[in-house]
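Each remark here refers to the structure printed beneath this line.
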Amino acid sequence: MMAPEKQLDEIKRGSVELIGEAELKEKLKAGKPLRVKAGFDPTAPDLHLGHMVLIHKLRQFQDLGHQVIFLIGDFTASVGDPSGRSKTRPALTPDEIKANAKTYTDQAFKVLDRNKTEIRFNTEWLAKFTPTDFIKLTSQYTVARLLERDDFGKRLKEQQPLSLHELIYPLLQGYDSVALKADVELGGQDQKFNLVVAREIQRAYGQSAEALLTMPLLEGTDGVQKMSKSYGNYIGITEPPQEMFGKLLSITDDLMWRYYELLSTKTLDEIKSLKAGHPKLAKVALAKEVVARFHSEQAADEAEKNFEQVFAQKGKPDEIEEKQIKSDGSPKELAILMAELGLAKSNSEARRLISQGGVRVDDVVIKDAKHSIVNKGDYLLQVGKRRFLKLSLQ
RNA sequence: GGAGAGAUACCCAAGUGGCCAAAGGGAGCAGACUGUAAAUCUGCCGGCGUACGCCUUCGAAGGUUCGAAUCCUUCUCUCUCCA
């Protein structure tokens, strides 16, 4: 095993904060593999690059020879995390959770070593909680201290709802660490409060407090808000290579370096030399690296080629979705066709797109909102810069 | 338990009887410019119709009125203060 100091350097790389460093060092010196925990919420079945920041870090722990615990918060998910207000989450059935969890782990194992990962669900211990257990847990912490949390205080001030069960959430999450006897917990920066509570809960239950490693939140493709499915600014790791590549190239330059910092396996020196070159080249390299990781080298090459073809040379992708529509011989209004084909949400929207010059048929910009397609045959429809569809009118 | 405030379109937020499909901002979409970057500028931004227009929408359900997001009643939810 690597020397404790060197391990610490590796562990801290890219992180925001490491709490409990001294104890961690002691544990490392003891030479026993650490139990490293990170929790995930199985309400959304898809992982995106934002989750990968954490998983990437978990992988590093694995490489250092530690035991990684991939905790699926199936119980806490039903409690509802404090960030989503007033939306009643549909209660997932055990089957759905199982299915989500499988998708989750399958995706995570593109980065993690499956054989070295312990997968756990927190219903395992939380579902067995008796009222007595529950009271014992809740008596370990005071309301005032819970209200110290920014989220909570802010919501109170802004007159937003704050439910009782949300206050309890951090305690439950903290108990996970007790049940798992975690030595280290990873979490996003936004999880800091919950994580700190976990340390105290562990102490209250007679365990040594885990070290906390917080990672920055990856901004989504908009470059402002954290990557999240609900903001629609995410890059899902199961997205097709071309999609992934395109999204990565559309991020801002500043954001690109963040992605490098948090997701790339490139060394700091390599990144430095990329910074000296043209940003476009660096962005392509990033996009290729990510696509290669979640798909394959080959897919990455193809995605790049396709991209250059479509955008740099204003060509078309090699593969374009095809749809057929039956014609009765009468002229078909383009706008209506577009709505039918899903290229626009409504006829009106389609008309707007057309009159704004955003629609091409066989490479010709159509500006007449009343434009109709008369003859049967094949047409290539293009909306905006990147949406293509082959229409076969029969 | 008592008193008060509030719920408006994807989000924030104006609007207190007709001029409201509903100001403004953000997000989004399209165009110009580019490196499909950012910034900037332009247009659009509930649905249907080329348009005058029509239909559905302002927490929910009823009611008053020629006419309601706006007034009344009940209900649901949230917040604040007091106990």
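Values quoted throughout were computed directly from the atomic coordinates according to the rules given, and no laboratory measurement underlies them. No experiment lies behind these values; they were computed from the predicted model shown. Please note: Cβ atoms are built from the backbone with ideal geometry, for glycine as well, and neighbour counts cover all protein chains shown.
Listed values, structure above:
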{"item": "Beta bridge orientation in the range A:4-217: antiparallel %, DSSP, nearest 5", "result": "15 percent"}
{"item": "The range A:322-393 - percent relative contact order, Cα under 8 Å, separation 6 or more", "result": "36 percent"}
{"item": "Average Cα contact separation per residue, chain A, under 8 Å, 6 or more apart, as relative contact order %", "result": "14 percent"}
{"item": "Percent RCO, i.e. relative contact order, over the range A:241-312, from Cα pairs under 8 Å lying at least 6 residues apart", "result": "45 percent"}
{"item": "Cβ charges +1 (Lys, Arg) and -1 (Asp, Glu), total dipole of chain A, debye", "result": "440 debye"}
{"item": "Percent antiparallel among DSSP beta bridges (both partners in the range A:322-393, rounded to 5)", "result": "80 percent"}
{"item": "Inter-part distance where the range A:190-256 and the range A:345-394 are each reduced to a Cα centre, Å", "result": "39 Å"}
{"item": "Tail beyond 18 Å, pair distance distribution of the range A:236-307 (Cα, percent)", "result": "31 percent"}
{"item": "Per residue convex hull volume, Cα atoms of chain A, in Å³", "result": "179 Å³"}
{"item": "Interchain or long-range residues, amide H under 5 Å from A:Lys332's placed H", "result": "A:Ile373, A:Val374"}
{"item": "Likely footprinting exposure, A:Tyr234, A:Tyr205, fewest C-beta neighbours within 10 Å first", "result": "A:Tyr205, A:Tyr234"}
{"item": "Residues with amide H under 5 Å from that of A:Met215, placed H, sequence gap 5 or more", "result": "A:Val16, A:Gly187, A:Gly188, A:Gln189"}
{"item": "Per-selection Kirkwood Rh - the range A:322-393 (Cα, Å, 1 d.p.)", "result": "11.8 Å"}
{"item": "All aspartates and glutamates inside 14 Å of A:Lys6 as judged from Cα atoms, apart from same-chain residues fewer than 8 positions distant", "result": "A:Glu21, A:Glu26, A:Asp63"}
